[in-house]
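Novice: Quick one: the structure is below, questions incoming.
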């Protein structure tokens, strides 16, 4: 079955509602949006390519979710309120069933965060999905990478490494990414890879508390390294303090999980720093948004990321994580 | 030669300068931008895929130019001032030479219109380029597709059809898109395809004059059809009034040009409507920005686009232009 470009756009456009901050949505040469006074615009763009950023077998609905999730995660790391996005969709063939399933996953997450799709296009080509997400933050209130100070605590949300373990289990043939697993622990790991939770509410709650933040897309060490580099500080990470994974342990993969949790990417958790004096407020604010947050180390003067081993001895570690063009 | 993702980003980031409307550029999770009070944000996204939107032989610098041009053209059609953009670049292999040439073409046009690259990513994949462009327009002043009124003149800038003729000559093996042509007329046609001129200044000059506007990307009839549909009016196009192409005539292709000038896409000219009472002001404003503008018909009550033949008889015409998924 064939479906023309305008038909594809129309299928997606139907999902976009009417809002006061959208003077003109999809259907003209461009959208007309109404920014709020006193706010800065927060803009990020990320692309997912089939076979590079997700296994080819990934269901369309999961691809739709993840395409938006990776961009919302960047807005979350800035402490921004999501507002609008554009979507460029390259498809090898026009399949209304695929587009509808993709849209189902995309809008499930979009609706949860009230972000409106206001433009984009569909083109013929290898499966590729580019989103530019826009949000707003009160002027001066954004969480940046360059504000970490010696003495700050280092925190992380959720359980970094679970998405990486899921990918590893898929590569071993132990996890099917194309459908839900009957095993609850495996299913939890599959969802961490297929349907990552962008920590938007945590980012908003951290305004005025966190001194720096980054989302964990390339791995904890690599992304914390970005904070250190931009803030011109060093990080001491306590290996024993990194969050354990109940699901990994249930699958009998505790050792494998522990080996990759500091370096695996794709979790889209937040790693942030905050003054030690605000420790109680940080804990309380994360409880309020029902997000697990764990203190995993300290910022000090110096440079680089240092990870303590089981004996508590700190060692400098490579700062590189997942890199599409490396190797 | 290999070049990691961060190296590619760094090559591009170096080209981005410091501006008052950019609080934080490339290098954090997202950019922080400062919109102007009293302005609406104008947002558009367009993707170009190799082999679909440009011949595979197209030089990288021309691809860079065109990737931005098609998006600036959408901002122009809204009467917007270009401000910021993001770029998602999928590359089959990391080639610094290719990226530098691409950036040369991209920034030649970006600098001319003072639009800043503030984000994006590079990924491994088939050659594909997605831009989201952002501009600003005073609240209520945007040129839209839905404002055409019966009695309005229909205008077009430049010479629509020249890009289409160039594509046809390339398909016939008469034009080499990979290098400049020694023949000045052929070269003019090649440049219309390879380096289209987004009519940004014309769009700005038409604020307060044009009642509706659209950019000619899918063909004059198809794009004028969008204005008619959104404005709920009909258009009578005078075939004899459509701009002639000096270059096409010089190449001996006047007949071929005349046959496709109403339907060929890829010109990125503006088609707009304006009250007949403002005819002199429109002419003067287009002269001020050194853009050729031609009156080519009239808006009336009714629906659809109607084109007069050589005897001056109006005929309803199909409204479809280039459509990536049709056929």
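Where a number appears in this text, it was derived from the coordinates with a stated rule and is not lab data. Remember, it's a predicted structure, so these values are computed and weren't measured experimentally. Cβ atoms come from the backbone with ideal geometry, glycine included; neighbour counts cover every protein chain shown.
Novice: For chain B, compute Rh as the Kirkwood radius over C-alpha pairs and then the Stokes-Einstein diffusion coefficient at 25 °C and 0.890 mPa s; write the answer in µm²/s, rounded to an integer.
Specialist: My calculation gives 120 µm²/s for D.
Novice: At 7 angstrom along the Cα-to-beta-carbon line, where would the label on residue B:195 sit relative to the other copies? Give the distances in nm, shortest first.
Specialist: For residue B:195, the other copies' label points sit at 5.1 nm, shortest first.
Novice: FRET efficiency for residue A:238 and residue B:57, Cβ-Cβ distance as r, R0 = 45 Å, nearest 0.05? Could you put the intermediate results ahead of the total?
Specialist: Values: r = 56 Å, r/R0 = 1.24.
That gives a FRET efficiency of 0.20.
Novice: On average over all directions, what projected area in square nanometres does the stretch B:5-138 have, based on the convex hull of its Cα atoms?
Specialist: If you wrap the Cα atoms of the stretch B:5-138 in a convex hull and average its projections, you get 7.7 nm².
Novice: Once R0 is set to 41 Å, what does the formula 1/(1 + (r/R0)^6) return for the Cβ-Cβ distance between residue B:20 and residue A:182, expressed as a FRET efficiency to the nearest 0.05? Walk me through the numbers on the way to the answer.
Specialist: Numbers: r = 57 Å, r/R0 = 1.40.
Efficiency for this residue pair is about 0.10.
Novice: If you take all C-alpha pairs in the stretch A:142-207, what percent of them are over 17 Å apart?
Specialist: Numbers: 1144 of 2145 pairs.
Here the long-distance tail beyond 17 Å is 53 percent of all Cα pairs in the stretch A:142-207.
Novice: Which distances in nm, rounded to one decimal and ordered from shortest, link the label point of residue A:240 to the equivalent label points in the other identical copies, with labels set 7 Å from Cα toward Cβ?
Specialist: Between copies, matching label points for residue A:240 lie 9.3 nm apart.
Novice: Hey, another quick one. Which distance in nm do the two modelled labels at residue B:112 and residue A:93 give, with both placed 7 Å along the Cα-to-Cβ direction?
Specialist: My value for the distance between the label points is 4.1 nm.
Novice: Determine, at each q value in 0.11, 0.12 (inverse angstroms), the log₁₀ of I(q)/I(0) that the Debye formula gives when each Cα of the stretch A:153-308 is one equal point scatterer.
Specialist: -0.42, -0.50
Novice: For the protein assembly as shown, what's the radius of gyration and Dmax over Cα atoms, in angstrom?
Specialist: For the protein assembly as shown, the Cα radius of gyration and maximum Cα-Cα distance read 26.2, 93 Å.
Novice: As an exercise, use a Förster radius of 56 Å and the Cβ-Cβ distance of residue A:104 and residue B:172 to find the FRET efficiency, rounded to the nearest 0.05. Please list the in-between numbers first.
Specialist: Numbers: r = 45 Å, r/R0 = 0.81.
Using R0 = 56 Å, I get an efficiency of 0.80.
Novice: Once both axes come from the Cα atoms, what is the angle between helix B:60-77 and the longest principal axis of chain B, in degrees from 0 to 90, rounded to 10?
Specialist: The answer is roughly 50 degrees.
Novice: Then there's this: Using Cα-Cα distances under 8 Å and only pairs 6 or more residues apart, what relative contact order does chain B have, in percent? Don't jump to the answer; show the numbers that get you there.
Specialist: Values: 745 pairs, mean separation 71.4, N = 327.
Across chain B, relative contact order equals 22 percent.
Novice: Treating the angle as unsigned and between 0 and 90°, give the value, to the nearest 10°, between the Cα long axis of helix A:162-171 and the longest Cα principal axis of chain A.
Specialist: 70 degrees
Novice: If the chain between residue B:139 and residue B:277 were fully stretched, how many nm would it gain, using 0.36 nm times the residue separation less the Cα-Cα distance? Before the final figure, lay out the partial values.
Specialist: Details: separation 138, 0.36 × 138 = 49.68 nm, distance 2.45 nm.
Extending this stretch completely gives an extra 47.2 nm.
Novice: Can you list, shortest first in nanometers, how far residue B:178 lies from the same residue in the other copies, with each label 7 Å from Cα toward Cβ?
Specialist: 4.0
Novice: With n ≥ 4 as the cut-off for DSSP H runs, can you work out [θ] at 222 nm for chain A, using -39500 (n - 2.57) per run divided by the number of residues, rounded to the nearest 500?
Specialist: Numbers: 10 runs with 106 residues, N = 327.
The helix contribution divided over chain A gives -9500 deg cm²/dmol.
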